[in-house]
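Take a look at the structure below.
The values are calculated or read from the model by the stated rules, or taken from the named source; none is laboratory data. Please read these numbers as outputs of a predicted model, since none were measured by experiment. Cβ sites come from the backbone with ideal geometry, for glycine too, and all protein chains shown count toward neighbours.
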């Protein structure tokens with residue numbers, strides 16, 4: 001391996017338009033791929049499964065080779081184990097003859113028995129996301145995903161955990177070697193100059209039950225009633241029109257139409273501009289693993305108010321880089337908003353501490369170096385023996 005570049009295929013989501021990732025996994029992948037591609041030791045490929053792609057196509061983005069494959073038609077939980085998407089993906093990955101396959105997307109869950117030299121980064125658990133999102137048939141779908149997660153993780157030999165919370169979820173389900181590597185944040189976020197607008201509170205993420213957008217609006221309204229001065233900017237798109245309608249109705253019921261702005265989906269440049277303006281980032285989610293919104297806000301020096309659940313307490317240091325709150329306690333959230341919005345010196349202290357913490361944990365060069373060491377270990381271990389039927 002020392003005489004040639006390691007050929008690595010990252011199976012993940014990857015944006016059609018450079019610089020316009022949609023969602024956390026795409027954001028992670030674009031940042032990590034760029035940092036890995038800058039390393040002379042690596043030949044970096046990206047493989048995707050995408051709806052709307054009819055034939056495999058190959059693109060080049062600098063030194064990165066992107067392979068876009070036709071996406072699934074089966075339900076995802078079935079396709080990852082026995083569907084045409086799985087078969088198409090396996091054939092293509094085997095044809096690439098890579099030294100390492102690094103899976104980020106959900107299909108990677110079922111690749112542990114594929115005969116490929118693979119490491120799987122666990123970004124989330126659908127079994128936990130579905131109930132928190134109030135999705136249709138959430139209970140049944142959650143149970144199916146729990147069985148799938150248990151089966152898949154048990155078959156992997158190398159797994160990357162993005163937070164101690166994720167490690168705690170993984171460990172009972174697998175004997176794999178687990179590596180702790182946090183998600184990277186794009187380098188440009190660390191260079192954002194603060195141009196804070198007094199009282200500007202920013203929410204970033206899907207507008208839905210899991211992100212608790214209604215809780216953000218209600219908490220902001222209560223903070224204003226307690227004397228806080230400010231505005232609320234909500235960035236993101238609704239997953240359900242009915243939920244968006246409820247959010248707009250709540251804004252209207254509090255008479256906040258002139259204080260609440262809906263920004264829609266933000267590209268990376270616009271997001272950096274909004275973070276520069278923000279006095280506080282608010283994310284009272286009911287379920288998260290290691291949200292990119294928190295890492296990006298901290299890199300930009302924005303104090304964060306986030307939930308005390310799941311992976312968020314491992315990112316936000318209570319009373320130093322931000323506050324941890326109970327997501328359904330709007331009075332508590334309003335109190336923390338009042339504290340931060342009313343104390344410029346406290347915001348400055350939190351801002352400095354947040355940037356330092358982000359540089360130590362989320363900088364892409366740090367993450368890429370750790371990831372390269374994992375690749376070397378996986379390549380040295382060789383391919384995972386296939387289970388019978390895994391090659392179909």
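If residue 115 meets every condition in (1) under 24 Å from the mean Cα position of the chain (by Cα); (2) on the phi > 0 side of the Ramachandran plot apart from one, which number is that one?
(1)
Can you pull out every residue in segment 83-97 that is in contact (Cβ under 8 Å) with a residue 24 or more places away in the chain, surrounded by 12 or more Cβ atoms within 10 Å (Cβ to Cβ) and out of contact with any helix residue (DSSP H, G or I) (no Cβ under 7 Å at 6 or more places or on another chain)?
Once the filter is applied, which keeps residues that are in contact (Cβ under 8 Å) with a residue 24 or more places away in the chain, surrounded by 12 or more Cβ atoms within 10 Å (Cβ to Cβ) and out of contact with any helix residue (DSSP H, G or I) (no Cβ under 7 Å at 6 or more places or on another chain), segment 83-97 yields 87, 88, 90, 92, 93, 96.
Restrict the check to segment 70-79 and report whether at least one residue is under 29 Å from residue 126 (Cα atoms), over 16 Å from the mean Cα position of the chain (by Cα), in the same structural domain as residue 127 (by TED's automatic domain parsing) and in contact (Cβ under 8 Å) with a residue 60 or more places away in the chain.
Yes - at least one qualifying residue is present in segment 70-79.
Among the residues of segment 164-187, which ones are over 21 Å from residue 104 (Cβ atoms) and either touching a helix residue (DSSP H, G or I) at 6+ places or on another chain (Cβ under 6 Å) or in a loop (DSSP other than H, G, I, E, B) (or both)? Working first, answer last.
Residues of segment 164-187 over 21 Å from residue 104 (Cβ atoms): 172, 175.
Of everything in segment 164-187, just one residue is over 21 Å from residue 104 (Cβ atoms) and either touching a helix residue (DSSP H, G or I) at 6+ places or on another chain (Cβ under 6 Å) or in a loop (DSSP other than H, G, I, E, B) (or both), namely 175.
Inside segment 322-378, can you point out the residues that are under 20 Å from the mean Cα position of the chain (by Cα), part of a loop (DSSP other than H, G, I, E, B) and within 30 Å of residue 250 (Cβ to Cβ)?
Listed by number, the list holds a single entry, 327.
Of the residues that sit in segment 1-22 and are assigned to a loop (DSSP other than H, G, I, E, B) and closer than 20 Å to residue 89 by Cα, which one is modelled with the lowest pLDDT? Talk me through it step by step, then tell me what you get.
Taking segment 1-22 as the starting set, the residues that turn out to be assigned to a loop (DSSP other than H, G, I, E, B) are 1-5, 12-22.
Okay, now just the ones that are also closer than 20 Å to residue 89 by Cα, so 12-16.
On the way: 12: 95, 13: 91, 14: 94, 15: 91, 16: 86.
Going through the qualifying residues, I end up with 16.
Considering only residues that are in a loop (DSSP other than H, G, I, E, B) and within 18 Å of residue 347 (Cβ to Cβ), which ones fall in segment 188-200?
Correct list: 192, 193, 194, 195, 196, 197, 198, 199.
Could you say which residue among 73, 68 is surrounded by 14 or more Cβ atoms within 10 Å (Cβ to Cβ) and either modelled with pLDDT of 95 or more or not in a helix (DSSP H, G or I) (or both)?
On the way: 73 fails: surrounded by 14 or more Cβ atoms within 10 Å (Cβ to Cβ).
None of the other options fit; the residue is 68.
Determine whether segment 370-382 contains at least one residue that is under 30 Å from residue 83 (Cβ atoms) and at pLDDT below 95.
yes
Just checking, which of 127, 27 is at pLDDT below 90 and crowded, with 20+ Cβ neighbours inside 10 Å?
27
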